[in-house]
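Report on the structure given below.
The values are calculated or read from the model by the stated rules, or taken from the named source; none is laboratory data. These numbers were taken from a predicted model, which means no experiment stands behind them. Here Cβ is always computed from backbone atoms with ideal geometry, including for glycine, and neighbour counts include all displayed protein chains.
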Ligand SMILES: Nc1ncnc2c1ncn2[C@@H]1O[C@H](COP(=O)(O)OP(=O)(O)O)[C@@H](O)[C@H]1O
Ligand SMILES: [Mg+2]
(Lines give C-alpha, C1' and ligand atoms only; values in the text may rest on other atoms or scores of the structure.)
(Ligands and ions follow the chains in the order given, each with its own letter.)
Protein backbone atom coordinates (compact mmCIF):
# COMPACT_ATOMS: atom_id res chain seq x y z
CA UNK A 1 0.00 0.00 0.00
CA UNK A 2 1.10 3.49 -0.81
CA UNK A 3 -0.21 6.93 0.06
CA UNK A 4 -1.89 7.01 -3.35
CA UNK A 5 -5.61 7.87 -3.39
CA UNK A 6 -6.19 5.26 -6.04
CA UNK A 7 -4.06 2.17 -6.19
CA UNK A 8 -4.43 -0.69 -8.65
CA UNK A 9 -2.24 -3.74 -8.67
CA UNK A 10 -1.84 -6.32 -11.40
CA UNK A 11 -5.34 -6.02 -12.87
CA UNK A 12 -6.37 -8.48 -15.55
CA UNK A 13 -9.71 -8.71 -17.25
CA UNK A 14 -11.13 -10.91 -20.00
CA UNK A 15 -14.36 -10.78 -21.99
CA UNK A 16 -16.01 -13.58 -23.92
CA UNK A 17 -15.24 -13.50 -27.62
CA UNK A 18 -17.18 -16.16 -29.42
CA UNK A 19 -15.97 -19.52 -28.19
CA UNK A 20 -12.91 -18.06 -26.50
CA UNK A 21 -12.23 -15.29 -24.08
CA UNK A 22 -10.35 -12.17 -24.97
CA UNK A 23 -7.86 -10.69 -22.54
CA UNK A 24 -8.47 -6.94 -22.39
CA UNK A 25 -6.29 -5.99 -19.45
CA UNK A 26 -3.16 -7.88 -18.59
CA UNK A 27 -1.35 -7.07 -15.36
CA UNK A 28 -2.22 -3.37 -15.22
CA UNK A 29 -0.97 -1.39 -12.22
CA UNK A 30 -1.46 2.25 -11.29
CA UNK A 31 -0.89 4.72 -8.48
CA UNK A 32 -2.78 7.98 -8.56
CA UNK A 33 -2.14 10.71 -6.01
CA UNK A 34 -3.87 13.94 -5.10
CA UNK A 35 -3.17 16.79 -7.50
CA UNK A 36 -2.16 14.45 -10.32
CA UNK A 37 -3.68 14.37 -13.77
CA UNK A 38 -3.08 11.08 -15.50
CA UNK A 39 -4.18 10.06 -18.97
CA UNK A 40 -4.76 6.49 -20.14
CA UNK A 41 -4.64 6.40 -23.92
CA UNK A 42 -4.95 3.94 -26.73
CA UNK A 43 -7.17 3.23 -29.70
CA UNK A 44 -10.78 2.15 -29.34
CA UNK A 45 -11.38 -1.31 -27.97
CA UNK A 46 -8.18 -1.49 -25.96
CA UNK A 47 -10.04 -1.59 -22.66
CA UNK A 48 -9.98 2.01 -21.44
CA UNK A 49 -13.61 2.04 -20.42
CA UNK A 50 -13.29 -1.38 -18.82
CA UNK A 51 -10.29 -0.19 -16.80
CA UNK A 52 -12.02 2.99 -15.60
CA UNK A 53 -15.14 1.02 -14.63
CA UNK A 54 -13.05 -1.34 -12.55
CA UNK A 55 -11.19 1.51 -10.89
CA UNK A 56 -14.45 3.31 -10.14
CA UNK A 57 -15.89 0.24 -8.45
CA UNK A 58 -18.48 -0.29 -11.17
CA UNK A 59 -17.05 -3.57 -12.43
CA UNK A 60 -15.59 -6.18 -10.09
CA UNK A 61 -11.97 -6.96 -10.95
CA UNK A 62 -11.48 -10.50 -12.21
CA UNK A 63 -7.87 -10.52 -11.16
CA UNK A 64 -5.72 -8.05 -9.24
CA UNK A 65 -6.60 -5.57 -6.53
CA UNK A 66 -7.96 -2.02 -6.29
CA UNK A 67 -7.82 0.33 -3.32
CA UNK A 68 -9.66 3.63 -3.15
CA UNK A 69 -8.60 5.94 -0.33
CA UNK A 70 -7.19 2.96 1.53
CA UNK A 71 -10.27 0.75 1.12
CA UNK A 72 -10.13 -2.39 -0.95
CA UNK A 73 -12.80 -2.74 -3.62
CA UNK A 74 -12.17 -6.44 -4.08
CA UNK A 75 -14.44 -7.82 -1.43
CA UNK A 76 -16.74 -4.83 -0.97
CA UNK A 77 -20.49 -5.47 -1.08
CA UNK A 78 -22.55 -3.54 -3.64
CA UNK A 79 -23.70 -1.33 -0.80
CA UNK A 80 -20.14 -0.65 0.33
CA UNK A 81 -19.09 0.02 -3.25
CA UNK A 82 -21.87 2.57 -3.61
CA UNK A 83 -20.69 4.22 -0.40
CA UNK A 84 -17.06 4.33 -1.52
CA UNK A 85 -18.04 5.80 -4.88
CA UNK A 86 -20.25 8.35 -3.19
CA UNK A 87 -17.53 9.35 -0.77
CA UNK A 88 -14.49 9.55 -3.04
CA UNK A 89 -15.20 9.28 -6.75
CA UNK A 90 -16.71 11.57 -9.34
CA UNK A 91 -17.45 9.99 -12.71
CA UNK A 92 -17.60 11.77 -16.05
CA UNK A 93 -18.64 9.63 -18.99
CA UNK A 94 -17.99 10.02 -22.69
CA UNK A 95 -21.22 11.64 -23.81
CA UNK A 96 -21.95 13.19 -20.45
CA UNK A 97 -24.78 10.74 -19.82
CA UNK A 98 -27.18 13.39 -18.64
CA UNK A 99 -30.73 12.55 -17.69
CA UNK A 100 -32.48 13.75 -20.80
CA UNK A 101 -35.50 16.07 -20.65
CA UNK A 102 -34.58 17.04 -17.13
CA UNK A 103 -33.31 20.32 -15.79
CA UNK A 104 -29.69 21.29 -15.35
CA UNK A 105 -30.25 21.36 -11.58
CA UNK A 106 -31.90 17.92 -11.49
CA UNK A 107 -28.90 16.51 -13.32
CA UNK A 108 -26.23 18.17 -11.24
CA UNK A 109 -27.76 17.45 -7.86
CA UNK A 110 -28.20 13.74 -8.67
CA UNK A 111 -25.13 12.50 -6.71
CA UNK A 112 -26.26 14.48 -3.66
CA UNK A 113 -29.46 12.44 -3.47
CA UNK A 114 -27.51 9.35 -2.46
CA UNK A 115 -25.68 10.94 0.47
CA UNK A 116 -26.74 10.25 4.06
CA UNK A 117 -27.53 12.29 6.06
CA UNK A 118 -29.64 14.01 3.46
CA UNK A 119 -28.61 17.26 1.90
CA UNK A 120 -31.50 19.72 2.10
CA UNK A 121 -33.11 21.32 -0.92
CA UNK A 122 -31.70 24.82 -0.40
CA UNK A 123 -28.22 23.44 0.25
CA UNK A 124 -28.47 21.39 -2.94
CA UNK A 125 -29.53 24.47 -4.91
CA UNK A 126 -26.60 26.40 -3.45
CA UNK A 127 -24.13 23.68 -4.38
CA UNK A 128 -25.58 23.38 -7.87
CA UNK A 129 -24.99 27.11 -8.44
CA UNK A 130 -21.46 26.82 -7.05
CA UNK A 131 -20.67 23.83 -9.27
CA UNK A 132 -22.04 25.64 -12.31
CA UNK A 133 -19.72 28.54 -11.47
CA UNK A 134 -16.73 26.19 -11.22
CA UNK A 135 -17.25 24.90 -14.74
CA UNK A 136 -17.86 28.36 -16.16
CA UNK A 137 -21.62 28.04 -16.58
CA UNK A 138 -22.51 30.58 -13.90
CA UNK A 139 -25.04 32.32 -16.13
CA UNK A 140 -26.98 29.17 -17.02
CA UNK A 141 -30.45 28.92 -15.46
CA UNK A 142 -30.52 25.80 -13.24
CA UNK A 143 -34.10 25.03 -14.29
CA UNK A 144 -33.22 24.97 -17.98
CA UNK A 145 -33.83 21.67 -19.75
CA UNK A 146 -30.54 19.96 -20.64
CA UNK A 147 -31.88 19.05 -24.09
CA UNK A 148 -31.64 22.73 -25.02
CA UNK A 149 -27.89 22.96 -24.29
CA UNK A 150 -24.98 22.71 -26.70
CA UNK A 151 -22.67 19.68 -26.60
CA UNK A 152 -19.97 21.62 -24.79
CA UNK A 153 -22.42 22.99 -22.26
CA UNK A 154 -23.82 19.53 -21.65
CA UNK A 155 -20.39 18.07 -21.02
CA UNK A 156 -19.67 20.86 -18.55
CA UNK A 157 -22.99 20.21 -16.80
CA UNK A 158 -21.87 16.58 -16.55
CA UNK A 159 -18.55 17.77 -15.12
CA UNK A 160 -20.40 19.94 -12.60
CA UNK A 161 -22.35 16.83 -11.59
CA UNK A 162 -19.15 14.79 -11.22
CA UNK A 163 -17.75 17.56 -9.00
CA UNK A 164 -20.81 18.30 -6.88
CA UNK A 165 -19.63 16.12 -3.99
CA UNK A 166 -16.12 17.56 -4.25
CA UNK A 167 -14.68 14.08 -4.86
CA UNK A 168 -11.02 13.38 -4.15
CA UNK A 169 -10.83 11.40 -7.38
CA UNK A 170 -12.32 12.37 -10.72
CA UNK A 171 -12.53 9.64 -13.33
CA UNK A 172 -13.36 10.78 -16.86
CA UNK A 173 -13.95 8.44 -19.81
CA UNK A 174 -13.24 10.16 -23.15
CA UNK A 175 -14.72 13.42 -21.90
CA UNK A 176 -13.97 15.31 -25.12
CA UNK A 177 -15.18 12.72 -27.62
CA UNK A 178 -18.32 14.64 -28.49
CA UNK A 179 -16.86 18.13 -28.29
CA UNK A 180 -15.59 20.63 -30.84
CA UNK A 181 -12.13 22.13 -30.52
CA UNK A 182 -13.06 25.14 -28.41
CA UNK A 183 -15.20 23.13 -26.00
CA UNK A 184 -12.52 20.42 -25.71
CA UNK A 185 -9.83 22.94 -24.86
CA UNK A 186 -12.11 24.60 -22.32
CA UNK A 187 -12.85 21.25 -20.65
CA UNK A 188 -9.12 20.42 -20.59
CA UNK A 189 -8.51 23.73 -18.83
CA UNK A 190 -11.15 22.92 -16.22
CA UNK A 191 -9.70 19.46 -15.54
CA UNK A 192 -6.17 20.85 -15.25
CA UNK A 193 -7.37 23.50 -12.81
CA UNK A 194 -9.10 20.81 -10.75
CA UNK A 195 -5.90 18.77 -10.54
CA UNK A 196 -3.94 21.86 -9.58
CA UNK A 197 -6.45 22.43 -6.79
CA UNK A 198 -5.71 18.95 -5.41
CA UNK A 199 -8.13 16.55 -7.12
CA UNK A 200 -6.70 13.33 -8.49
CA UNK A 201 -7.81 13.25 -12.13
CA UNK A 202 -7.72 10.05 -14.17
CA UNK A 203 -8.92 10.20 -17.74
CA UNK A 204 -9.07 7.89 -20.70
CA UNK A 205 -8.83 9.38 -24.14
CA UNK A 206 -7.12 9.27 -27.49
CA UNK A 207 -7.62 12.99 -27.91
CA UNK A 208 -4.35 14.99 -27.76
CA UNK A 209 -6.31 18.11 -26.78
CA UNK A 210 -6.92 16.63 -23.35
CA UNK A 211 -3.90 14.33 -23.11
CA UNK A 212 -1.45 17.25 -23.49
CA UNK A 213 -2.17 18.86 -20.10
CA UNK A 214 -1.69 15.50 -18.29
CA UNK A 215 1.21 14.99 -15.89
CA UNK A 216 1.58 11.38 -16.92
CA UNK A 217 0.38 9.20 -19.80
CA UNK A 218 -0.20 5.45 -19.64
CA UNK A 219 -0.56 3.61 -22.95
CA UNK A 220 -2.99 0.72 -23.24
CA UNK A 221 -3.09 -1.94 -25.91
CA UNK B 1 -35.92 8.70 1.63
CA UNK B 2 -35.21 10.33 -1.63
CA UNK B 3 -36.17 7.08 -3.32
CA UNK B 4 -39.81 8.00 -2.66
CA UNK B 5 -39.55 11.17 -4.72
CA UNK B 6 -37.56 9.26 -7.31
CA UNK B 7 -40.36 6.74 -7.69
CA UNK B 8 -42.72 9.65 -8.22
CA UNK B 9 -40.44 10.99 -10.91
CA UNK B 10 -40.07 7.62 -12.62
CA UNK B 11 -43.81 7.25 -12.56
CA UNK B 12 -44.46 10.73 -13.93
CA UNK B 13 -42.04 10.19 -16.77
CA UNK B 14 -43.99 7.04 -17.62
CA UNK B 15 -47.46 8.47 -17.10
CA UNK B 16 -48.24 8.94 -20.78
CA UNK B 17 -47.56 5.30 -21.40
CA UNK B 18 -49.65 4.20 -18.42
CA UNK B 19 -52.58 6.32 -19.60
CA UNK B 20 -52.28 4.75 -23.03
CA UNK B 21 -52.26 1.28 -21.44
CA UNK B 22 -55.38 2.12 -19.46
CA UNK B 23 -57.19 3.43 -22.52
CA UNK B 24 -56.28 0.36 -24.55
CA UNK B 25 -57.25 -2.01 -21.75
CA UNK B 26 -60.53 -0.18 -21.26
CA UNK B 27 -61.22 -0.30 -25.00
CA UNK B 28 -60.47 -3.99 -25.11
CA UNK B 29 -62.63 -4.64 -22.08
CA UNK B 30 -65.47 -2.76 -23.74
CA UNK B 31 -65.05 -4.75 -26.95
CA UNK B 32 -64.84 -8.04 -25.17
CA UNK B 33 -67.88 -7.07 -23.14
CA UNK B 34 -69.93 -6.20 -26.20
CA UNK B 35 -68.72 -9.35 -27.87
CA UNK B 36 -69.69 -11.35 -24.82
CA UNK B 37 -73.08 -9.69 -24.81
CA UNK B 38 -73.70 -11.03 -28.29
CA UNK B 39 -72.34 -14.50 -27.80
CA UNK B 40 -72.42 -15.50 -24.17
CA UNK B 41 -75.63 -13.60 -23.65
CA UNK B 42 -77.63 -15.57 -26.15
CA UNK B 43 -75.53 -18.67 -26.28
CA UNK B 44 -75.98 -21.98 -24.64
CA UNK B 45 -75.56 -21.14 -21.02
CA UNK B 46 -74.13 -24.54 -20.16
CA UNK B 47 -71.42 -24.13 -22.75
CA UNK B 48 -70.12 -20.96 -21.20
CA UNK B 49 -67.14 -21.96 -19.07
CA UNK B 50 -67.55 -19.14 -16.59
CA UNK B 51 -71.00 -20.40 -15.86
CA UNK B 52 -70.33 -24.09 -15.76
CA UNK B 53 -67.70 -23.32 -13.18
CA UNK B 54 -70.17 -21.52 -10.97
CA UNK B 55 -70.45 -22.89 -7.46
CA UNK B 56 -73.60 -24.99 -7.17
CA UNK B 57 -76.69 -22.86 -6.85
CA UNK B 58 -74.96 -19.68 -7.93
CA UNK B 59 -77.10 -19.08 -10.98
CA UNK B 60 -80.70 -19.99 -11.54
CA UNK B 61 -83.34 -19.62 -14.15
CA UNK B 62 -87.01 -20.12 -14.51
CA UNK B 63 -87.80 -22.83 -17.00
CA UNK B 64 -91.02 -22.57 -18.89
CA UNK B 65 -92.87 -25.82 -19.31
CA UNK B 66 -95.32 -25.09 -22.03
CA UNK B 67 -98.05 -27.61 -22.82
CA UNK B 68 -98.33 -26.32 -26.37
CA UNK B 69 -94.67 -27.18 -26.81
CA UNK B 70 -94.05 -23.57 -27.47
CA UNK B 71 -91.10 -23.66 -25.18
CA UNK B 72 -89.67 -20.19 -25.34
CA UNK B 73 -86.19 -21.53 -25.31
CA UNK B 74 -86.73 -23.41 -28.51
CA UNK B 75 -87.67 -20.37 -30.51
CA UNK B 76 -85.31 -19.57 -33.34
CA UNK B 77 -86.50 -16.01 -33.77
CA UNK B 78 -87.68 -13.51 -31.24
CA UNK B 79 -91.44 -13.75 -31.24
CA UNK B 80 -94.41 -12.47 -29.33
CA UNK B 81 -95.30 -14.75 -26.49
CA UNK B 82 -98.59 -13.79 -25.03
CA UNK B 83 -99.07 -15.41 -21.71
CA UNK B 84 -95.47 -15.72 -20.71
CA UNK B 85 -94.68 -14.31 -17.31
CA UNK B 86 -92.78 -11.14 -16.87
CA UNK B 87 -90.94 -11.09 -13.67
CA UNK B 88 -90.20 -7.50 -13.17
CA UNK B 89 -91.65 -4.45 -11.55
CA UNK B 90 -90.90 -1.74 -14.02
CA UNK B 91 -89.80 -1.79 -17.63
CA UNK B 92 -86.14 -1.38 -18.41
CA UNK B 93 -84.89 -2.64 -15.09
CA UNK B 94 -82.61 -5.57 -15.00
CA UNK B 95 -83.89 -8.98 -14.19
CA UNK B 96 -81.31 -9.94 -11.64
CA UNK B 97 -82.56 -7.10 -9.49
CA UNK B 98 -85.93 -8.69 -9.26
CA UNK B 99 -85.38 -12.36 -9.04
CA UNK B 100 -83.00 -12.52 -6.16
CA UNK B 101 -85.52 -13.81 -3.71
CA UNK B 102 -85.59 -10.84 -1.39
CA UNK B 103 -86.92 -8.70 -4.16
CA UNK B 104 -88.73 -11.20 -6.36
CA UNK B 105 -91.76 -9.00 -6.91
CA UNK B 106 -94.58 -9.60 -9.24
CA UNK B 107 -97.04 -6.92 -10.16
CA UNK B 108 -99.45 -7.33 -7.26
CA UNK B 109 -102.45 -6.32 -9.34
CA UNK B 110 -101.98 -9.02 -11.96
CA UNK B 111 -103.65 -12.33 -11.46
CA UNK B 112 -102.62 -14.34 -14.50
CA UNK B 113 -99.54 -14.71 -16.56
CA UNK B 114 -101.31 -12.93 -19.43
CA UNK B 115 -101.57 -9.89 -17.30
CA UNK B 116 -97.93 -10.07 -16.46
CA UNK B 117 -96.79 -10.38 -19.98
CA UNK B 118 -98.58 -8.16 -22.45
CA UNK B 119 -96.39 -8.31 -25.54
CA UNK B 120 -93.14 -9.74 -24.23
CA UNK B 121 -90.83 -11.28 -26.77
CA UNK B 122 -88.88 -14.46 -26.21
CA UNK B 123 -85.72 -12.43 -26.24
CA UNK B 124 -86.92 -10.27 -23.38
CA UNK B 125 -88.18 -13.27 -21.52
CA UNK B 126 -84.88 -15.08 -21.87
CA UNK B 127 -83.23 -12.00 -20.52
CA UNK B 128 -85.55 -11.69 -17.61
CA UNK B 129 -85.72 -15.16 -16.27
CA UNK B 130 -82.17 -15.37 -14.98
CA UNK B 131 -80.97 -14.43 -11.60
CA UNK B 132 -77.79 -14.77 -9.63
CA UNK B 133 -79.28 -16.81 -6.82
CA UNK B 134 -80.05 -20.32 -5.71
CA UNK B 135 -83.10 -22.01 -7.29
CA UNK B 136 -85.00 -22.14 -4.01
CA UNK B 137 -84.68 -18.38 -3.68
CA UNK B 138 -87.08 -18.23 -6.63
CA UNK B 139 -89.54 -20.57 -4.96
CA UNK B 140 -91.99 -17.89 -3.82
CA UNK B 141 -92.02 -16.33 -7.25
CA UNK B 142 -92.60 -19.65 -8.94
CA UNK B 143 -95.43 -20.50 -6.59
CA UNK B 144 -97.21 -17.22 -7.30
CA UNK B 145 -96.79 -17.54 -11.03
CA UNK B 146 -97.96 -21.10 -11.14
CA UNK B 147 -100.94 -20.20 -8.97
CA UNK B 148 -101.80 -17.47 -11.45
CA UNK B 149 -101.37 -19.84 -14.40
CA UNK B 150 -103.53 -22.45 -12.67
CA UNK B 151 -106.24 -19.95 -12.00
CA UNK B 152 -106.24 -19.01 -15.68
CA UNK B 153 -106.11 -22.69 -16.66
CA UNK B 154 -103.39 -22.15 -19.18
CA UNK B 155 -101.66 -25.43 -18.39
CA UNK B 156 -98.36 -23.64 -18.39
CA UNK B 157 -96.03 -24.31 -15.50
CA UNK B 158 -92.77 -22.84 -14.34
CA UNK B 159 -89.94 -24.21 -12.32
CA UNK B 160 -86.67 -22.81 -11.08
CA UNK B 161 -83.56 -24.61 -12.27
CA UNK B 162 -79.83 -24.08 -11.82
CA UNK B 163 -78.40 -22.28 -14.78
CA UNK B 164 -76.37 -25.32 -15.73
CA UNK B 165 -79.49 -27.14 -16.78
CA UNK B 166 -80.72 -24.35 -18.93
CA UNK B 167 -80.37 -24.92 -22.62
CA UNK B 168 -80.87 -21.89 -24.74
CA UNK B 169 -81.11 -22.37 -28.47
CA UNK B 170 -81.18 -18.64 -28.92
CA UNK B 171 -77.62 -19.35 -29.80
CA UNK B 172 -76.31 -16.65 -32.04
CA UNK B 173 -72.62 -17.29 -32.08
CA UNK B 174 -71.39 -18.18 -35.51
CA UNK B 175 -73.49 -15.54 -37.20
CA UNK B 176 -71.84 -12.89 -39.30
CA UNK B 177 -72.12 -10.19 -36.70
CA UNK B 178 -70.42 -12.36 -34.11
CA UNK B 179 -67.59 -13.26 -36.42
CA UNK B 180 -67.12 -9.59 -37.22
CA UNK B 181 -67.23 -8.84 -33.55
CA UNK B 182 -64.69 -11.52 -32.78
CA UNK B 183 -62.37 -10.43 -35.59
CA UNK B 184 -62.60 -6.82 -34.48
CA UNK B 185 -61.93 -7.75 -30.89
CA UNK B 186 -58.90 -9.84 -31.75
CA UNK B 187 -57.54 -7.21 -34.15
CA UNK B 188 -57.87 -4.43 -31.61
CA UNK B 189 -56.34 -6.64 -28.92
CA UNK B 190 -53.38 -7.47 -31.13
CA UNK B 191 -52.86 -3.86 -32.21
CA UNK B 192 -53.23 -2.73 -28.62
CA UNK B 193 -50.75 -5.39 -27.55
CA UNK B 194 -48.24 -4.19 -30.13
CA UNK B 195 -48.61 -0.57 -29.05
CA UNK B 196 -48.28 -1.47 -25.38
CA UNK B 197 -45.27 -3.67 -26.07
CA UNK B 198 -43.56 -0.93 -28.08
CA UNK B 199 -44.26 1.58 -25.34
CA UNK B 200 -42.97 -0.81 -22.70
CA UNK B 201 -39.85 -1.41 -24.73
CA UNK B 202 -39.07 2.29 -24.99
CA UNK B 203 -39.88 2.78 -21.36
CA UNK B 204 -37.54 -0.03 -20.40
CA UNK B 205 -34.68 1.45 -22.41
CA UNK B 206 -35.31 4.85 -20.88
CA UNK B 207 -35.43 3.43 -17.35
CA UNK B 208 -32.32 1.28 -17.80
CA UNK B 209 -30.37 4.29 -19.07
CA UNK B 210 -31.56 6.38 -16.19
CA UNK B 211 -30.70 3.69 -13.64
CA UNK B 212 -27.25 3.25 -15.13
CA UNK B 213 -26.59 6.99 -14.85
CA UNK B 214 -27.82 7.06 -11.28
CA UNK B 215 -25.72 4.00 -10.48
CA UNK B 216 -22.65 5.76 -11.90
CA UNK B 217 -23.29 8.57 -9.46
CA UNK B 218 -23.83 6.53 -6.36
CA UNK B 219 -27.28 4.90 -6.41
CA UNK B 220 -27.31 1.50 -4.72
CA UNK B 221 -28.45 -1.36 -6.94
CA UNK B 222 -30.88 -2.58 -4.29
CA UNK B 223 -32.71 0.76 -4.22
CA UNK B 224 -32.89 0.84 -8.00
CA UNK B 225 -34.38 -2.66 -8.06
CA UNK B 226 -36.92 -1.68 -5.43
CA UNK B 227 -37.86 1.42 -7.40
CA UNK B 228 -38.28 -0.53 -10.61
CA UNK B 229 -40.68 -2.98 -8.96
CA UNK B 230 -42.63 -0.19 -7.27
CA UNK B 231 -43.08 1.71 -10.50
CA UNK B 232 -44.07 -1.51 -12.22
CA UNK B 233 -46.70 -2.23 -9.59
CA UNK B 234 -48.02 1.32 -9.92
CA UNK B 235 -47.98 0.93 -13.68
CA UNK B 236 -49.88 -2.34 -13.80
CA UNK B 237 -52.57 -1.96 -11.16
CA UNK B 238 -54.26 1.35 -12.09
CA UNK B 239 -54.62 0.63 -15.82
CA UNK B 240 -55.88 -2.86 -15.05
CA UNK B 241 -58.34 -1.51 -12.51
CA UNK B 242 -59.52 1.14 -14.97
CA UNK B 243 -59.90 -1.43 -17.73
CA UNK B 244 -61.76 -3.79 -15.44
CA UNK B 245 -64.04 -1.04 -14.15
CA UNK B 246 -64.79 0.08 -17.69
CA UNK B 247 -65.61 -3.53 -18.56
CA UNK B 248 -67.96 -3.79 -15.59
CA UNK B 249 -69.71 -0.58 -16.56
CA UNK B 250 -70.24 -1.84 -20.09
CA UNK B 251 -71.47 -5.17 -18.77
CA UNK B 252 -73.84 -3.44 -16.41
CA UNK B 253 -75.36 -1.54 -19.32
CA UNK B 254 -75.54 -4.64 -21.48
CA UNK B 255 -78.78 -6.46 -22.12
CA UNK B 256 -77.76 -9.64 -20.52
CA UNK B 257 -75.47 -9.38 -17.55
CA UNK B 258 -73.34 -12.53 -17.67
CA UNK B 259 -73.12 -14.21 -14.35
CA UNK B 260 -69.84 -13.57 -12.59
CA UNK B 261 -68.39 -16.20 -10.31
CA UNK B 262 -68.08 -15.45 -6.65
CA UNK B 263 -64.88 -13.62 -5.69
CA UNK B 264 -64.57 -12.41 -9.26
CA UNK B 265 -62.28 -9.61 -8.09
CA UNK B 266 -59.70 -12.31 -7.46
CA UNK B 267 -59.19 -12.70 -11.20
CA UNK B 268 -57.92 -9.21 -12.01
CA UNK B 269 -55.81 -9.39 -8.86
CA UNK B 270 -54.25 -12.69 -9.92
CA UNK B 271 -53.87 -11.35 -13.44
CA UNK B 272 -52.06 -8.26 -12.11
CA UNK B 273 -49.78 -10.45 -10.02
CA UNK B 274 -49.01 -12.75 -12.93
CA UNK B 275 -48.37 -9.77 -15.20
CA UNK B 276 -46.08 -8.22 -12.60
CA UNK B 277 -44.04 -11.40 -12.26
CA UNK B 278 -43.96 -11.88 -16.02
CA UNK B 279 -42.55 -8.39 -16.58
CA UNK B 280 -40.83 -7.84 -13.27
CA UNK B 281 -38.51 -10.85 -13.18
CA UNK B 282 -36.88 -10.33 -16.61
CA UNK B 283 -36.74 -6.60 -15.91
CA UNK B 284 -34.89 -7.18 -12.64
CA UNK B 285 -32.45 -9.46 -14.45
CA UNK B 286 -31.96 -6.85 -17.12
CA UNK B 287 -31.25 -4.18 -14.52
CA UNK B 288 -28.67 -6.43 -12.88
CA UNK B 289 -26.99 -7.02 -16.22
CA UNK B 290 -26.98 -3.32 -17.03
CA UNK B 291 -25.51 -2.33 -13.69
CA UNK B 292 -22.99 -5.17 -13.54
CA UNK B 293 -21.99 -6.27 -17.02
CA UNK B 294 -20.12 -9.51 -16.56
CA UNK B 295 -17.62 -11.40 -18.62
CA UNK B 296 -16.73 -14.99 -17.81
CA UNK B 297 -15.12 -15.25 -14.42
N1 LIG C 1 -19.55 -6.45 -21.11
C2 LIG C 1 -18.76 -6.83 -22.11
N3 LIG C 1 -18.86 -8.07 -22.62
C4 LIG C 1 -18.06 -8.48 -23.63
N5 LIG C 1 -17.13 -7.72 -24.19
C6 LIG C 1 -16.95 -6.47 -23.73
C7 LIG C 1 -17.77 -5.95 -22.68
N8 LIG C 1 -17.38 -4.68 -22.43
C9 LIG C 1 -16.38 -4.42 -23.30
N10 LIG C 1 -16.12 -5.48 -24.07
C11 LIG C 1 -15.08 -5.58 -25.09
O12 LIG C 1 -13.86 -5.25 -24.48
C13 LIG C 1 -13.07 -4.49 -25.35
C14 LIG C 1 -12.66 -3.22 -24.67
O15 LIG C 1 -13.77 -2.40 -24.50
P16 LIG C 1 -13.66 -0.96 -23.84
O17 LIG C 1 -13.16 -1.12 -22.47
O18 LIG C 1 -14.97 -0.27 -24.02
O19 LIG C 1 -12.55 -0.27 -24.74
P20 LIG C 1 -12.30 1.27 -25.04
O21 LIG C 1 -13.00 2.07 -24.01
O22 LIG C 1 -10.83 1.41 -24.99
O23 LIG C 1 -12.82 1.53 -26.41
C24 LIG C 1 -13.90 -4.25 -26.59
O25 LIG C 1 -13.49 -5.14 -27.59
C26 LIG C 1 -15.30 -4.57 -26.18
O27 LIG C 1 -16.01 -5.11 -27.25
MG1 LIG D 1 -14.45 3.52 -24.14
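Some points to look at:
- When region A:174-193 is filtered for residues that are touching a residue at least 60 places away in the same chain (Cβ under 8 Å) and at negative phi, the ones remaining, listed by number, are A:175, A:177, A:178, A:191, A:192.
- Single residue of region A:206-221 satisfying the filter (touching a helix residue (DSSP H, G or I) at 6+ places or on another chain (Cβ under 8 Å) and without any contact (Cβ under 8 Å) to a residue 40 or more places away in the chain) that is farthest from ligand 1 (Cβ to nearest atom): A:212
- Hits in region A:22-54 (condition: surrounded by 14 or more Cβ atoms within 10 Å (Cβ to Cβ), near ligand 1 (Cβ under 10 Å from one of its atoms) and farther than 16 Å from residue A:64 by Cα): A:40, A:41, A:42, A:46, A:48, A:49
- Within this structure, residue A:70 passes the test of being touching a residue at least 60 places away in the same chain (Cβ under 8 Å) and surrounded by fewer than 19 Cβ atoms within 10 Å (Cβ to Cβ).
- Output for region A:170-182, where each listed residue is in contact with a helix residue (DSSP H, G or I) (Cβ under 6 Å, 6 or more places away or on another chain) and surrounded by fewer than 22 Cβ atoms within 10 Å (Cβ to Cβ): A:178
- Meets criteria (away from ligand 1 (no atom under 16 Å from the Cβ) and surrounded by fewer than 22 Cβ atoms within 10 Å (Cβ to Cβ)) for residue A:111: no
- Residues (modelled with pLDDT under 90 and touching a helix residue (DSSP H, G or I) at 6+ places or on another chain (Cβ under 6 Å)) located in region A:62-91: A:78, A:86
- Elements of type helices (runs of 4 or more DSSP H) contained in region A:139-211, each with 3 or more residues being more than 16 Å from ligand 2 (Cβ to nearest atom), out of contact with any strand residue (DSSP E or B) (no Cβ under 8 Å at 6 or more places or on another chain) and within 14 Å of chain B (Cβ to nearest Cβ): A:151-163
- A single entry from A:78, A:61 fulfils the requirement of being touching a strand residue (DSSP E or B) at 6+ places or on another chain (Cβ under 9 Å) and away from ligand 1 (no atom under 13 Å from the Cβ): A:61.
- Filtered residues of region A:123-138 (kept if more than 21 Å from the chain's Cα centre (by Cα) and away from every other protein chain (no Cβ under 14 Å)): A:125, A:126, A:138
- Scan of region A:17-58 for residues that are within 16 Å of ligand 2 (Cβ to nearest atom) and more than 28 Å from residue A:212 (Cα to Cα), ordered by number: A:22
- Positions within region A:158-173 being over 20 Å from residue A:186 (Cβ atoms) and touching a residue at least 60 places away in the same chain (Cβ under 8 Å), in sequence order: A:165, A:167, A:168, A:169
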